[in-house]
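Data first, discussion second: the structure below is written as structure tokens.
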Amino acid sequence: MGNKNEKISNIRVQVSEKCTEREKSIIELYWKFNGFEFLNTAKSIMETFEISQSQLNKLISLRGFLMFSIPCGSCPKFNDFQASSRLNFKSIIDQALTSNPSSTYKCSFCVNREQEETNLKNIQEQKKINENLEKAIETENWLHLSNFQKGMLCNCFKMNFVELKKHYHPILGSDNWILFIESLETIEAYNLLSLQRDSTTKEIIDYRYLDKLTSFKNEISIKEMITKSSFDIGIETNELKFRLTTNKDQNYPDRPSHTGTIIFNQKIVIEPGVEYIYGLWKRDNDNLYLTMIPKKNLELLPTYGSSPKRK
């Protein structure tokens, strides 16, 4: 058991006064060890005294406990333990000393004290977060957000985190998913959201906000200032969306996998120097659906559908 014996003190066997001399001998042999290695196997004891496993277990658990103490590494106190079997003894030692060998064992008093200090710290931190969230509402911090971020904040009011990810993943795709994370972090930076992260991976797992913030959702929502935007039907657009149908005649290797004709009902303008987000979705019968949208357009459509509409 390594150096565990150096961390355990006051080891003693407590034998019941009701024990016979024969029972005392059994108990002493059972708990006899050197360097925390037991010297007598249970089998050898049972054979010597002609008893069964159940009889041995009952005798030890009722009349022959092993008592020991473990000193606290943070204060002068000791924690006292009682083992009713070798398995029970090993379990106590493993939990106290082996589960985290790099740290010092702490008694129950110190553990409770540290837990109280942690709870108090969490309460103080949460109080500070709430104060910042309150102040952000007073100063209307949503005015500093982009339209896309405003739309995301409004969606946070009606969606949980899982639903929010499902909503934005078809819009952004894997290549632009960083925009989703950065937008949430920006909203948090303006103290409009409090993000909760996994303690190990530090990934965002949830968010929360003050309930009173939802009463300002009309102010936060994007006003329809652009009535003749690039999204209106009948005028020119800077978005490209159409279906790619499978080529039924693919007998030759140089034939395209998808082919067909299309008529656009709008003038489509693709400008140089503009960053576009593109996506390709699989449809029925191996057809594909292609979209190519300027990244800035996402700020104008914060509640864009979870999947593109087919032509």
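Between residues in segment 184-207 that are without any contact (Cβ under 8 Å) to a residue 24 or more places away in the chain and residues that are surrounded by 12 or more Cβ atoms within 10 Å (Cβ to Cβ) and not aliphatic (A, V, I, L, M), which pairs lie under 6 Å by C-beta distance while being six or more apart or on different chains?
Taking only residues 6 or more apart or on different chains, the pairs are LEU195/GLU188; LEU195/TYR207; GLN196/ASP206.
Give segment 261-311 a look and list any residue that's in a loop (DSSP other than H, G, I, E, B), modelled with pLDDT of 75 or more, closer than 20 Å to PHE148 by Cβ and of a type in the set (A, V, I, L, M), or say none.
Across segment 261-311, the qualifying residue is only VAL274.
Assuming TYR168 fulfils every condition listed in (1) in a helix (DSSP H, G or I); (2) without any contact (Cβ under 8 Å) to a residue 60 or more places away in the chain; (3) loosely packed, with under 15 Cβ neighbours inside 10 Å apart from one, which condition is it?
Failed condition: (3).
Inside segment 1-21, can you point out the residues that are at pLDDT 90 or above and surrounded by fewer than 11 Cβ atoms within 10 Å (Cβ to Cβ)?
Scanning segment 1-21 gives GLU17, LYS18, THR20, GLU21.
Can you confirm whether segment 48-69 contains a residue that is on the phi > 0 side of the Ramachandran plot and open to solvent by 80 Å² or more (accessible area, probe 1.4 Å)?
Looking for residues that are on the phi > 0 side of the Ramachandran plot and open to solvent by 80 Å² or more (accessible area, probe 1.4 Å), one finds at least one in segment 48-69, hence yes.
Restricting the search to segment 81-110, which residues are modelled with pLDDT of 80 or more, surrounded by fewer than 12 Cβ atoms within 10 Å (Cβ to Cβ) and under 23 Å from ASN34 (Cβ atoms)?
LEU87
Is there any pair with a first residue in segment 106-125 that is closer than 11 Å to SER74 by Cα and a second that is open to solvent by 90 Å² or more (accessible area, probe 1.4 Å) and of a type outside the set (Phe, Trp, Tyr) whose Cβ atoms are under 7 Å apart and which are 6 or more apart or on different chains, and what are they?
Qualifying pairs under 7 Å: CYS107/LYS77; PHE109/LYS77.
Taking segment 6-35 on its own, how many of its residues are part of a loop (DSSP other than H, G, I, E, B) and in contact (Cβ under 8 Å) with a residue 40 or more places away in the chain?
The number of residues fulfilling the criteria is 4.
Which condition does ILE45 not pass, out of (1) assigned to a helix (DSSP H, G or I); (2) open to solvent by 70 Å² or more (accessible area, probe 1.4 Å), if it passes all the others?
(2)
So, in segment 160-179, how many residues would count as being of a type in the set (Val, Ile, Thr) and under 17 Å from LYS295 (Cα atoms)?
Matching residues across segment 160-179 total 2.
Given the residues GLU114, GLU131, which is the only one that is in a helix (DSSP H, G or I) and exposed (fewer than 12 other Cβ atoms within 10 Å of the Cβ)?
On inspection, the qualifying residue turns out to be GLU131.
Within the set of pairs 6+ apart or on separate chains, which have a first residue in segment 70-89 that is in contact (Cβ under 8 Å) with a residue 24 or more places away in the chain and polar (S, T, N, Q), a second that is open to solvent by 50 Å² or more (accessible area, probe 1.4 Å) and not in a helix (DSSP H, G or I), and C-beta atoms under 7 Å apart?
Between residues of segment 70-89 that are in contact (Cβ under 8 Å) with a residue 24 or more places away in the chain and polar (S, T, N, Q) and residues that are open to solvent by 50 Å² or more (accessible area, probe 1.4 Å) and not in a helix (DSSP H, G or I), the close pairs are SER74/THR104; SER74/LYS106.
Determine if segment 197-215 includes at least one residue that is on the phi > 0 side of the Ramachandran plot and at pLDDT below 75.
Checked against the condition, which is being on the phi > 0 side of the Ramachandran plot and at pLDDT below 75, segment 197-215 yields no hits at all.
The values are calculated or read from the model by the stated rules, or taken from the named source; none is laboratory data. All figures in this text were calculated on a predicted structure; none of them were measured in a lab. Reconstructed Cβ throughout: ideal geometry from the backbone, glycine too, with neighbour counts over all protein chains shown. Accessible surface areas use protein heavy atoms only, side chains included; no ligands, DNA or RNA. Shrake-Rupley method; radii C 1.70, N 1.55, O 1.52, S 1.80 Å.
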